[in-house]
Amino acid sequence: MSKKHAIQTKLKGYVVMTQSGPDGLGFGTYTRTHPAYLKARIEAQQSPAAVVVVNVKRARHIAREYHGWDLPSEDELCHQAMEGDA
């Protein structure tokens, strides 16, 4: 992935999370403060896949714990933000 997704760089906000099959996990649109907007968008699309809006912290947990994704720790992200790298 050339551009990093919000779950790799953010600690707060909401993302669209999709699952297709036992191993297929994807993350879509990110918003810092408007989860209702994301929910309305996924309801309008009527996607057949399992689609939910979750907070970034939960999305990071699911990706790491259940799918083995290697994501920076919350401490690393805080440190990057303090140094202006995020």
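The values are calculated or read from the model by the stated rules, or taken from the named source; none is laboratory data. Note that the coordinates shown come from a computational prediction; the quantities given were computed from them, not determined experimentally. Every residue, glycine as well, gets a Cβ built from its backbone with ideal geometry; the counts of neighbours run over all protein chains shown. Just the protein is used for accessible areas: all its heavy atoms, side chains included, with ligands, DNA and RNA removed. Shrake-Rupley method; radii C 1.70, N 1.55, O 1.52, S 1.80 Å.
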Residue identified as more than 11 Å from the chain's Cα centre (by Cα) and hydroxyl-bearing (Ser, Thr, Tyr) among 29, 18, 33: 33
Of residues in region 64-86 being part of a helix (DSSP H, G or I) and among the charged types (D, E, K, R), the one surrounded by the most Cβ atoms within 10 Å (Cβ to Cβ): 64
Any hit, region 33-55, residues being surrounded by 13 or more Cβ atoms within 10 Å (Cβ to Cβ), hydrophobic (A, V, I, L, M, F, W, C) and in contact with a helix residue (DSSP H, G or I) (Cβ under 6 Å, 6 or more places away or on another chain): yes
Qualifying residue in region 8-18 (condition: in a helix (DSSP H, G or I) and among the β-branched types (Val, Ile, Thr)): yes
Extreme residue, most open to solvent (accessible area, probe 1.4 Å), among residues of region 1-15 that are among the hydroxyl-bearing types (Ser, Thr, Tyr) and under 11 Å from the mean Cα position of the chain (by Cα): 14
